[in-house]
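To start, the structure itself, in structure tokens.
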Amino acid sequence: MNSINSNYSNMRLVGLASGLDTDSIIQQLMYAERMPMTKLEQQRTETQWKQEAYRDFTNALRGFKEKFFDITKQSSYLLSENSFKTFSAISSSNEYITARGTATAQAGNYSVKVEQLATADRAVSEKGVSKNITGDVTNFDLEGESMVLILDGVTREIRMSDYTRLDGEGNIDYEKSMEALIGDGETDNGLQRLVNDAFGEGKIMVSDNAGQLQLSTGNGATQLTTVYGSEGTEGLKSLGISQGDSNRISTDSTLLGLANKLEGEFNFNEEGNVSFEINGEEFTFSQNDTMSNVMETINDNAKANVNMRYDEITDTFSITAKQTGAGDNVRLNETSGSFFSAIGIDSENPISAENQGTDAIAVIDGVRVARSSNTFTVNGVEFTLRKAHTASNPDDTITLEQDIDGVYDLIESFVEEYNNIVDKFTTTLSEKYDRSYKPLSDDEKADMTEDQIEKWEQRAKSGILRNDSLLEDIQRNMRMALMDTVEGVGMSLSSIGISSKSYMDRGKLYIDETKLKDAIRQRPDEVKNMFIQRSESTPVYDRDLTPAQRNDRYKEQGLLFRLSDILDDNISTLRNDDGKKGILLERAGMVGDLSEFNSALSKEINDYDTRIGEMLTKLVQKESNYYNQFTRLETYINQMNSQMSWLTSQLGGM
């Protein structure tokens with residue numbers, strides 16, 4: 001056994017005079033002294049193991065609950081009518097329409113013809129919003145100079161000539177020089193021909209706009225940008241064109257930066273802001289906000305309910321209602337500044353005739369139906385319109401059939417997972433507990449291999465929750481919840497082919513496939529009610545219900561709601577009126593939750609830690625006392641040896 005003081009650095013030289021193995025003697029003395037603390041450490045370890053075992057059950061029950069009782073898990077969610085009365089829908093042409101049957105649908109055939117799809121109101125800029133590239137020419141002698149242009153990602157350097165033309169008096173003739181600079185695009189060396197040669201004919205147009213040189217795009221080309229090169233590109237400066245000029249705005253620019261880039265006049269109020277309303281929701285932006293931030297803020301606003309975007313190809317802004325269908329779904333109001341007019345949208349009349357929203361129209365079984373959305377439900381059938389039929393297209397046929405296999409597979413999946421939970425309870429509650437296998441101390445582990453330690457601890461942990469009353473209550477309650485009849489429902493699990501084979505199975509369920517599928521086919525509503533009928537007297541579960549309310553709810557509600565209530569009682573992370581969480585969490589806590597540190601077992605472990613710490617302090621002091629006593633013994637023996645030596649020397653002299 002190691003010394004209690006093994007962590008201390010002080011050295012002891014003992015046994016030199018007496019010849020005693022002092023360390024060994026003290027270790028044997030301390031072994032007896034340590035026994036109470038060793039027992040406490042074992043109790044702490046057993047408590048920690050028990051806590052871990054409880055938490056393992058909590059995690060298993062949480063996984064079961066999340067799979068079948070969490071509405072976000074639509075593929076396996078069981079507390080919905082659609083889970084027990086589903087349909088497969090087959091369309092004669094998915095190109096025009098698809099369908100899905102809900103719980104209230106009826107099997108059969110439906111004839112559908114799509115006349116038009118629902119569209120949304122859309123406010124669009126009346127024309128391109130960006131200014132073209134323009135410049136005031138200051139020098140027509142551009143011989144040896146060049147300009148660099150980027151057209152939709154393609155970069156070209158264009159060498160220019162001397163375009164100076166003189167009048168009869170030897171002065172520069174501005175008009176003729178401008179004509180020479182632009183050229184006819186075919187026979188001369190003007191800019192029009194040069195850009196045609198560089199990029200292809202018709203993509204860039206060079207023109208005289210009220211005395212200014214103008215560059216614009218066409219013939220499918222979109223964005224044109226100017227670049228200053230490293231050498232010989234002074235020609236752009238002579239043309240009065242700035243570095244980075246473009247015929248398309250950048251939405252990363254601030255509103256103030258866009259003011260000189262937009263064709264429309266962009267004004268701000270005295271505070272440097274613009275304010276406007278969209279569908280009654282007011283927005284205010286600073287001139288230092290970027291256009292991309294403006295659009296993102298608008299698009300994220302649920303009340304405005306629109307999408308705003310900039311189209312680089314058409315050079316237009318659009319504001320589109322998220323709500324489809326006819327109606328006034330895009331309402332704009334300029335309150336301060338000129339935001340809408342700057343982007344080419346008339347706030348008073350934002351929607352042109354061709355951009356007005358329309359309703360979806362379909363003829364279903366001879367009846368004309370109009371809806372604001374392309375997805376709508378009629379008589380329990382959810383239709384999704386995808387494309388309008390032409391006059392020559394025949395009507396589509398939707399065939400709705402009850403999905404027996406889908407309901408069966410969901411129930412089968414539930415039974416399988418439930419049986420896994422039952423097996424876990426049964427194994428844990430019946431495990432044998434071997435009292436001869438206690439948690440190992442550090443000294444015992446030091447003499448064992450890792451494999452030996454692992455096998456020992458497996459035996460020591462076995463049966464840690466044997467016959468545990470809390471787990472037995474949960475298992476019994478879950479079993480009874482499925483076995484007890486539901487008030488007002490004339491069937492039970494056994495009557496539809498789900499039953500236990502033996503009491504020894506402790507509630508495991510087995511399915512008669514034929515019998516269950518027959519029940520789903522012939523009595524779908526009763527099967528659904530047995531599983532998910534809602535209590536009329538107490539439709540909403542609350543852990544603070546009175547015993548009478550709990551009793552009424554239990555009798556009236558379906559089997560799965562009963563199970564859900566039981567799980568909430570035990571693993572809920574929410575506190576009830578008494579400040580308590582689920583029973584299992586109050587007992588052992590859950591990792592990642594506040595109960596991890598303040599559950600009953602966590603407090604018990606902390607108490608053990610405190611007691612062990614106090615006892616360790618006493619043991620350190622006890623061991624130190626033993627060493628002090630042996631040190632004094634060595635001192636006395638040394639003194640006696642010295643006296644004996646003196647006497648011997650005196651006698652020898654005589």
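The values are calculated or read from the model by the stated rules, or taken from the named source; none is laboratory data. Just so we're clear, the structure is a prediction, and the values are computed from it rather than from any experiment. Note that we place each Cβ from the backbone using ideal geometry, even for glycine, and neighbour counts take in every protein chain shown. Surface accessibility is based on the protein's heavy atoms, side chains included, excluding ligands, DNA and RNA. Shrake-Rupley method; radii C 1.70, N 1.55, O 1.52, S 1.80 Å.
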Solvent-accessible heavy-atom area per residue, rounded to whole Å², over the chain at 1.4 Å:
53
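I'd like the FRET efficiency for Asp208 and Thr314, computed as 1/(1 + (r/R0)^6) with the beta carbon distance as r and R0 of 22 Å, rounded to 0.05.
Computed FRET efficiency for Asp208 and Thr314: 0.30.
Arranged from highest to lowest average of other beta-carbon atoms within 10 Å per residue, in what order do the peptides 519-531, 240-252 appear?
Packing order, densest peptide first, comes out as 519-531, 240-252.
Convex hull over the alpha-carbon atoms of region 533-654: what's its volume per residue in Å³?
On the way: hull volume 18.0 nm³, N = 122.
Here the figure is 148 Å³ per residue.
Tell me which trypsin sites (Lys or Arg not before Pro) from region 532-563 have a DSSP coil assignment and no more than 16 other beta carbons within 10 Å of their own.
Values: sites: Arg534, Arg543, Arg550, Arg553, Lys555, Arg562; in loops: Arg534, Arg543.
Those that pass, being in a loop and sparsely packed, are Arg534.
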In nm, the gap between the two label points placed 7 Å beyond Cα toward Cβ at Arg632 and Lys455 is 5.0
Here FRET efficiency (C-beta to C-beta, Gln643 to Gln621, R₀ 22 Å, nearest 0.05) is 0.10
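Any idea what the relative contact order of region 451-560 is, in percent, if you count C-alpha pairs under 8 Å spaced at least 6 apart?
Details: 88 pairs, mean separation 27.0, N = 110.
Averaging sequence separation for qualifying contacts and normalising by length gives 25 percent for region 451-560.
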Spin-label model distance (nm) - Leu594 vs Thr397, 7 Å beyond Cα toward Cβ:
6.3
Counting other Cβ atoms within 10 Å, which GluC sites (Glu not before Pro) in region 321-382 have at most 10 and lie in a DSSP loop?
Glu348
Take peptides 115-121, 384-390 and line them up by average Cβ neighbours within 10 Å, highest first, as a rough protection proxy.
115-121, 384-390
Roughly what would the spin-label model give for Ser502 and Lys432, points 7 Å off Cα along C-beta, in nm?
2.0
Take the solvent-accessible surface of the protein heavy atoms, probe 1.4 Å, and return the percent of it on the chain that carbon and sulfur atoms account for.
45
What is the sum of charges, Lys and Arg at +1 and Asp and Glu at -1, for the other residues whose Cβ falls under 12 Å from the Cβ of Ala519?
0
17 Å cut-off, amide nitrogen to a point 7 angstrom out along Ser253 Cα→Cβ, residues in region 289-316:
289-295, 310-316
Using a Förster distance of 25 Å, how high is the FRET efficiency between Ala107 and Ala370, based on the Cβ-Cβ distance and rounded to 0.05?
0.45
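Multiplying the sequence separation of Tyr228 and Lys580 by 0.36 nm and subtracting their Cα-Cα distance, what value in nm do you get? Mind showing how you got there, number by number?
Working: separation 352, 0.36 × 352 = 126.72 nm, distance 7.18 nm.
Using 0.36 nm per residue and subtracting the Cα-Cα distance, I get 119.5 nm.
Under 4 °C and 1.567 mPa s, how fast does region 510-564 diffuse according to Stokes-Einstein, given a Kirkwood radius computed over C-alpha pairs? Answer in µm²/s, whole number. Working shown, then result.
Values: Rh = 12.4 Å.
Here the translational diffusion coefficient equals 104 µm²/s.
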For Kirkwood radius over Cα pairs in Å, calculated from these coordinates, the label among (i) 25.8; (ii) 30.9; (iii) 35.3
(iii)
